[in-house]
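To start, the structure itself, in structure tokens.
The values are calculated or read from the model by the stated rules, or taken from the named source; none is laboratory data. Since we're looking at a predicted model, the values are computed, not measured. Positions of Cβ are generated from backbone atoms using ideal geometry, with glycine treated the same way; all protein chains shown enter the neighbour counts. In case anyone asks, the SASA skips ligands and DNA or RNA and just uses the protein heavy atoms, side chains included. Shrake-Rupley method; radii C 1.70, N 1.55, O 1.52, S 1.80 Å.
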Amino acid sequence: MSDIKTGYHAPPAPSEGEFANTRVAVLATRWNAEVVDALVEGALGALHDWGVAENNIRVYRAPGAYELPLACEHLARGKHFDGIVALGAVIRGDTPHFDFVAGECARGLQDVMLRHALAVGFGVLTVNTEDQALERAGEGEDNKGREAAQAVLEMIRFEWEVDAP
């Protein structure tokens, strides 16, 4: 059934043990700590709910959103993870800084994803106000960290389906 607000069709629930051996990195920024920490909690909750074993989850920190692509590149090169959840919050200010950071972060993460054919979840909030960020990082199913982690797991599942004999 689709969500009327977004038209989103939820994926099938994970089967028992489906993601038990899946290795996932959660890569989060240090800026806007209250918001980003809540995104991390949402991502970890989703990974646990989908059955990813605790010892297969690693949390890393990058200084800020601009640095996320390089940090993600290092994680991808190591080939230790089946997917990476990238989390951060870029909040618009009075200068064009927001436009450069948000756009380059998104482009860089996409480049890593395509270069390594690796699921990278985009959980970097790009918002106008701190209130908007806090709303998107709140508890529950609408937490954008949770959604980014679920997207990574869906893409890992997709890869398995495509690669299956």
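The set of residues from segment 140-162 being in contact with a Lys or Arg (Cβ under 9 Å, 6 or more places away or on another chain), more than 18 Å from G88 (Cβ to Cβ) and open to solvent by 90 Å² or more (accessible area, probe 1.4 Å) is empty.
Where strands (runs of 3 or more DSSP E) fall entirely within segment 1-112, those with at least 1 residues that are open to solvent by 80 Å² or more (accessible area, probe 1.4 Å) and in contact with a helix residue (DSSP H, G or I) (Cβ under 9 Å, 6 or more places away or on another chain) are at 57-62.
Cβ separations smaller than 9 Å between residues 6+ apart or across chains give the following pairs from segment 22-46 residues that are in contact (Cβ under 8 Å) with a residue 24 or more places away in the chain and within 22 Å of M155 (Cβ to Cβ) to residues that are of a type in the set (V, I, T) and open to solvent by 30 Å² or more (accessible area, probe 1.4 Å): A25/V59; V26/V59; L27/V59; A28/V59; V40/V59; A43/V59; L44/V59. Looking across segment 97-135, the residues that are modelled with pLDDT of 95 or more and among the charged types (D, E, K, R) come down to E104, R107, D111, R115, E130, D131, E135.
Yes or no: segment 90-107 includes at least one residue that is more than 25 Å from G140 (Cβ to Cβ) and aromatic (F, W, Y). Yes, that holds for at least one residue.
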